[in-house]
1. Treat every Asp and Glu Cβ in the chain as -1 and every Lys and Arg Cβ as +1, leave all other atoms uncharged, and give the resulting dipole magnitude about the Cα centre to the nearest 20 debye.
2. If you roll a 1.4 angstrom probe over the protein chains with everything in place, what fraction of the accessible area of the chain belongs to carbon and sulfur, to the nearest %?
3. In whole Hz and in residue order, list the ³J(HN,Hα) couplings for segment 4-16 that follow from phi through the Karplus curve 6.51 cos²θ - 1.76 cosθ + 1.60, θ = phi - 60°; x for Gly and Pro.
4. Are there any trypsin sites (Lys or Arg not before Pro) in segment 8-61 that are in a DSSP loop and have at most 15 other Cβ atoms within 10 Å? List them by number.
5. Averaged per residue, what accessible surface does segment 40-85 expose to a 1.4 Å probe, in Å²?
6. Check each of the GluC sites (Glu not before Pro) in segment 16-85 and keep only those in coil by DSSP with at most 11 other C-beta atoms within 10 angstrom; list them in order.
7. Along the positive direction of the dipole of the chain (beta-carbon charges: Lys, Arg +1; Asp, Glu -1; about the Cα centre), which of 27, 62, 79 reaches farthest?
8. Which whole number of Å³ per residue matches the convex hull of the alpha-carbon atoms in segment 32-82?
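The values are calculated or read from the model by the stated rules, or taken from the named source; none is laboratory data. Just so it is clear, the structure is predicted and the values come from calculations on it, not from any experiment. Counting neighbours? That spans all protein chains shown, and the Cβs are built from the backbone with ideal geometry, glycine included. SASA here: full protein model, heavy atoms, side chains in, ligands and nucleic acids out. Shrake-Rupley method; radii C 1.70, N 1.55, O 1.52, S 1.80 Å.
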Amino acid sequence: MDVIFGLGQAGCNIARRFEQYSQYDVYKIDAGRRGKNCISIPKKPSHEAYNAAEYPKFEEIAKEYEDRDVLFVIGGSGNISGASL
């Protein structure tokens, strides 16, 4: 795997653990997330609302990794997990 995306608080916490290894590109996606390689998305009231929204910044970055191995980490209990759909 070459790139790791963490979605939501749990996913970001797990992805952050890989930052110590230089062979991985690590991105953290969450509402209000700031910092290096972070993608902040607006907070939504429900799982369905996250699913219905579009995320152009994430889609742009994901295109760069189409031909690489990707690990996408999600903690499914939060509403933000709907953004993975």
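1. Working: 11 positive and 12 negative charges, 107 e Å.
I would put it at about 520 debye.
2. Numbers: 2430 of 5460 Å².
Within the chain, the accessible surface is 44 percent carbon and sulfur.
3. 3J(HN,Hα) across segment 4-16, in whole Hz: 10, 10, x, 10, x, 4, 5, x, 5, 5, 5, 4, 4.
4. On the way: sites: 16, 17, 28, 33, 34, 36, 43, 57; in loops: 33, 34, 36, 43.
Of the trypsin sites (Lys or Arg not before Pro), the ones in loops of segment 8-61 whose Cβ has at most 15 other Cβ atoms within 10 Å are 34, 36, 43.
5. Details: 3270 Å² over 46 residues.
Computed with neighbouring chains in place, this is 71 Å² per residue.
6. Working: sites: 19, 48, 54, 59, 60, 64, 66; in loops: 54, 64, 66.
Those that pass, being in a loop and sparsely packed, are 54, 64, 66.
7. 79
8. Details: hull volume 5.0 nm³, N = 51.
In segment 32-82, the Cα convex hull volume per residue is 97 Å³.
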